[in-house]
Amino acid sequence: VLEIVPPYAQPEAFRGLDAFSHVWLIFVFHGLDGAGWRPTVRPPRLGGNRRIGVFASRSGYRPNPIGQSVVRLLNIEYHGRRTVLQLGGVDLLDGTPVLDIKPYLPYADAVAAARAGYAQEPPHVALDVTFCEPAETACRALDSGRYPQLRELIISLIGQDPRPAYRQSDGAKTYGVRLWDLNIRFTVSGTIAIVESIEPRP
């Protein structure tokens, strides 16, 4: 959900946007703890152990921490002085400041012959994800409250194998990821990830 605040929430400003299936969001990377920019970064798609220049990446640690993302436009709602965009496929943190919205134009924004130095193909699902009984119970309890579709999101997240590449041969280790205000712990055996626990962050 993207909430537009006054004075930009005027319905006239969104006239015609509902004819588009996707929009660009121009946003500010936040939650980086004031770390500043870095001349080289380690993209996750390169396993987290190979450095490239920041301008050859989409890292948030850049001179100007501005990002862009294509998302699905599902609906536009008007509530008095508030305008709300219902979006799909959003890869932003909650509370991300959005600077601008632009329509996605398929003829101009998709270049069929484009090439990439890395990440040419979409990421493949590397791991099958299962839940141990305590994690399954916790997931059901949380899913019924403020975390809708939590199980599906955890499967999608861990299925991409978020472990650093140099750790992927270490089958005895317990790994953790943060999702919202939750800590999720999992182990890996071969191509199967087992979610061991889902707990609120202290």
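The values are calculated or read from the model by the stated rules, or taken from the named source; none is laboratory data. Every value quoted in this text rests on a predicted model; they were computed, and no experiment measured them. Positions of Cβ are generated from backbone atoms using ideal geometry, with glycine treated the same way; all protein chains shown enter the neighbour counts. Protein only, heavy atoms only, side chains kept; ligands, DNA and RNA dropped before computing areas. Shrake-Rupley method; radii C 1.70, N 1.55, O 1.52, S 1.80 Å.
Filtering region 52-72 down to residues that are outside any strand (DSSP E or B) and of a type in the set (A, V, I, L, M), which residue is nearest to F20 (Cα to Cα)? Step by step, filter region 52-72, then rank; the result is A56. Which members of region 113-137 meet the condition of being assigned to a loop (DSSP other than H, G, I, E, B), modelled with pLDDT of 80 or more and touching a helix residue (DSSP H, G or I) at 6+ places or on another chain (Cβ under 8 Å)? Result: L127, single match.
One line per residue, one yes/no per condition, for (1) at pLDDT 90 or above; (2) under 20 Å from E3 (Cβ atoms); (3) out of contact with any strand residue (DSSP E or B) (no Cβ under 8 Å at 6 or more places or on another chain):
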position: W24; (1), (2), (3): yes, yes, no
position: A35; (1), (2), (3): no, no, yes
position: R45; (1), (2), (3): no, no, yes
position: S59; (1), (2), (3): no, no, no
position: Q86; (1), (2), (3): yes, yes, no
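Of all residues in region 63-80, one or more are touching a residue at least 40 places away in the same chain (Cβ under 8 Å), open to solvent by 100 Å² or more (accessible area, probe 1.4 Å) and in contact with a helix residue (DSSP H, G or I) (Cβ under 8 Å, 6 or more places away or on another chain). Quick check, is A108 open to solvent by less than 70 Å² (accessible area, probe 1.4 Å) and either in a loop (DSSP other than H, G, I, E, B) or among the β-branched types (V, I, T) (or both)? When the stated conditions are applied, A108 does not pass them.
Only residues that are more than 18 Å from D94 (Cα to Cα), open to solvent by 80 Å² or more (accessible area, probe 1.4 Å) and either part of a loop (DSSP other than H, G, I, E, B) or polar (S, T, N, Q) (or both) were counted across region 7-51, and they come to 11.
Report the residue count in region 138-154 for those that are outside any helix (DSSP H, G or I) and surrounded by 16 or more Cβ atoms within 10 Å (Cβ to Cβ). Before the answer, list the steps.
Applying the first criterion (outside any helix (DSSP H, G or I)) to region 138-154 yields 144-149.
Retained after the next criterion (residues that are surrounded by 16 or more Cβ atoms within 10 Å (Cβ to Cβ)): 147.
Residues in region 138-154 being outside any helix (DSSP H, G or I) and surrounded by 16 or more Cβ atoms within 10 Å (Cβ to Cβ): 1 in total.
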